[in-house]
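A short write-up of the structure that comes next.
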Amino acid sequence: MPRLLCEAELAQQEADILVEYTAMDVSHILDSLNEQQRNAVASPTQNLLVLAGAGSGKTRVLVHRIAWLLQAEDQSPFAVLAVTFTNKAAREMRSRIEALMGQAIGGMWVGTFHGLAHRLLRAHWQEAGLAEDFQILDADDQLRLIKRLLRTLNIDDDRWPPKQCQWYINGQKDEGRRAANIEHFEDDYTKTMLEIYKAYEDACERGGMIDFGEILLRAHELWLKNPQILQHYQSRFRYILVDEFQDTNTIQYAWLRVLAGTDNQLMVVGDDDQSIYGWRGARIENIQQFGEDFPGSDIIRLEQNYRSTSTILNAANKLIAHNHSRLGKNLWTDGGEGEAIGLYEAFNEQDEARFIVDRLQDWFNSGHARSESAVLYRSNAQSRELEDALLRVGVPYRIYGGQRFYERLEVKNALAYLRLLINRNDDTSMERVINVPTRGIGGRTMDSIRSRARQDGSSLWQACINCVNDREMLSSRAANAVLVFLKLIDDMDQACAALALHEKTEYVITHSGLVPYHEKEGGEKARSRIENLEELISAASSFDDPELGDDVDLSSNALLAAFLDQASLDAGDTQAAEADDAVQMMTLHSAKGLEFDLVFLAGMEEGLFPHKMSMDNVAGLEEERRLCYVGITRAKTKLFLCHAESRRLHGDVNICRPSRFIREIPAQLIDEVRIKSAITRIGGKPFSSGIRDDAEIPQTELSLGQRVTHGKFGEGIVLNYEGQGSNARVQVNFDAVGSKWLVLSYAKLEVIA
Ligand code: ATP
Ligand code: MG
């Protein structure tokens, strides 16, 4: 096994590094911990479960444990494997350990399950049964592939929606099941799904592609099928540490269990109340299972919360007490009581957004950093309204977990060209860019090429060549267009061969025609797409892969491949890059593990949160409640809950009831924010004509949320008002022209009954 040989070199490095970690004073590692935390960090037991509520220092314990192992127990960083929830968390963990140790640490494996498994597969691709240049399929690519397969298989995609098939396949993989191992029991549904799953597996195999679920599945099979590789890593990773353990799924748990074997030390930290990925196969039961599967394991509970005010913590505790299936915990804090939780009832989503932006601005004006504030919501679609409101007042924000950089259309297009440079048989990339920008290769031509590929069992690239050579299946115009594309890729490949990674990227972006193509869209959109392409070039120039070492040839395909892998893995991450000084916006799911001074939970309405898909069954509802618990416990000093009376979402306006979760928080912890809800028209100029004595005029009242009509702008809704007397201005959101501020005494607004 040639790959393991270089591990021998690693062992030499390891020995060198060990010399540097001579016994030092280690008291500083324990100093800033409470007694329970200290017990966990210095625990002599082989297997340890730290079970504790939010903000009790679980992640902190993990970091300190690693520092302890390296300094107090003189272990080598090569012996440590730490699993975190996101790539960002992994980077943070490494830097926190380095800060504690006062020196850089190399050789330690810290990453997500996917990142670590992927690293193993790259090193042992042959034993894992993969192509050397295998490509990662992200969720979007996966869905496209499934759509194509349904067409090939002649399966009606109305009856068998591609998303549902994707869901089925991923679910099976999370449970560690391949199509060949699933019994259909003559059930039609299962039979069809299996047919699709099988075809999907074949297509991935042919194209040298693996999806996220497959990464984990293969890494597990790698252990089972190659005892010598397993043994090697078992004897290397003596210390395995896992954060957010409550959200591991079956296959991740199995992978860990095999790696830990009987001799290694496993420390996991988690909180059953924060298990929020049941819908993606995570198994809370793994926590209960731990004691059985790892005999002699110890449980340590942490009970002091260091993050939040007692008001916030009480709210969270009271809320989660409504769940029945819990292991039960007791969280307390000696922090101050802090401010009451603000509750705002907006009349619609725009009013909600305006409220949030106003409060944020107050907060910044009193000197707080923007990055210490977060707006959390249940569904990605909610962000647009909030973004609009922030943009209007020019407050920078950053969205996590939505459309992230590497998932953007233009970036994926550029990456697809780069992928083709190193692997012409990458069918997904072929499909993506063969006619982007448009070069006259239409749907019919593509159908011919696809059917040729099926017929020959070849890649699309090869099918293109065959079609062009045979001159049978394609018209000469189409054949010409295809030829131009093939030549483009070959020429780019040649021109790029000696260029450094960022030059390659720039070359491909310039010569693929993507810039003028995206420019054609015009406007702000086009500008931001071009900026993103430029950003990709700078990402390439700052990219370096610690695995490849310093002396890597900048023009090598290995570096390009590593860059492309990183892009795929980042796109699968639920959190994104480093924080700027910007308001942090993200879904509740993406917020776990994080903390902010000021937090808003937006859209606390029945049907939205708890989500309507999960409201009707106890398990689903309890998971939603845990998600709410996660949301509340992100806040350190101030929390606002917001809900709207009516909300336009996915195009429909719904009348909404406040979320039950609001009622489950004791009323004395909540301070309802009242905004004066009526505007009095002042100045004695009523809608009707004539100047009258003020005293005689019946006061006309406009309320927020009221529908009004204006002579020029038509109908709209009153959103806001400011000023008094003749200065009073009112903001109306007109159906036809959007939101406008009008001077009340001139506006001649008619109230619509
Ligand atoms: P979550 O469940 O949300 O992931 P957690 O249990 O991992 O939370 P941490 O993020 O490790 O909690 O800690 C929460 C906050 O409390 C952090 O700011 C951390 O630095 C602080 N903290 C934890 N323990 C202590 C301690 N003993 N002394 C002072 N601060 C602490
Ligand atoms: Mg944590």
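The values are calculated or read from the model by the stated rules, or taken from the named source; none is laboratory data. Keep in mind the model is a prediction, meaning the values are calculated, not measured. Heads up, the Cβs are rebuilt from the backbone with ideal geometry, glycines too, and the neighbour counts pull from every protein chain shown. Remember, those area values only see protein heavy atoms, side chains included, never the ligands or the DNA or RNA. Shrake-Rupley method; radii C 1.70, N 1.55, O 1.52, S 1.80 Å.
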Dipole of the chain, Cα-centred, from +1 at each Lys and Arg C-beta and -1 at each Asp and Glu C-beta, to the nearest 20 debye?
1860
Which of the three applies to the chain, rounded, prolate or oblate, going by the alpha-carbon gyration tensor with a ≥ b ≥ c and a/c under 1.5 meaning rounded?
oblate
In nanometres, what is the gap between the two model label sites at D652 and V26, each 7 Å from Cα along Cα-to-Cβ?
6.0
Positive-end residue of Y189, M101, I655, charge dipole of the chain with Cβ unit charges:
I655
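Determine the share of the chain's accessible area contributed by carbon and sulfur atoms, expressed in whole percent, with a 1.4 angstrom probe.
So the carbon and sulfur contribution to the accessible surface is 48 percent.
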Net charge of Cβ neighbours under 12 Å - reference F364; Lys, Arg +1; Asp, Glu -1
-3
Starting from 0.36 nm per residue, how many nanometres of slack lie between R527 and V618 once their C-alpha separation is accounted for?
28.1 nm
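Determine the per residue accessible area of segment 135-207 with all protein chains present and a 1.4 angstrom probe, expressed in square angstrom.
53
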Under the 7 Å Cα-to-Cβ spin-label approximation, A381 and E534 lie apart by a distance in nanometres of 3.5
Label-point separation (nm) for E183 and E285, each offset 7 Å from Cα along Cα-to-Cβ?
1.8
Beyond 28 Å between alpha-carbons counts as too far, so tell me which of K88/K636; K412/K638; K163/K225; K163/K412; K329/K638 fall in that bin.
K412/K638; K163/K225
Between segment 296-337 and segment 598-660, the alpha-carbon center distance in angstrom:
21
Quickly estimate the mean residue ellipticity at 222 nm for the chain, helices only: each DSSP H run with n ≥ 4 gives -39500 (n - 2.57), and the total goes over all residues, rounded to 500.
-14500 deg cm²/dmol
For segment 135-207 the mean separation of alpha carbon contacts under 8 Å (6+ apart) over residue count, i.e. relative contact order in percent, is 33
Under Karplus coefficients 6.51, -1.76 and 1.60, residue-wise ³J(HN,Hα) of segment 118-133 in Hz, glycine/proline x:
4, 4, 5, 5, 5, 6, 10, 4, 5, 5, 7, x, 10, 6, 4, 9
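Local charge sum around V653 (other residues, Cβ-Cβ under 10 Å, Lys/Arg +1, Asp/Glu -1)?
Charge balance near V653 sits at 0.
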For segment 407-548: accessible area per residue (Å², 1.4 Å)
47
Taking the full set of protein chains and a 1.4 angstrom probe, give the accessible area of R398 in square angstrom, rounded to the nearest 10.
60
Measuring from centroid to centroid over Cα atoms, what is the spacing of segment 492-533 and segment 91-161 in Å?
25
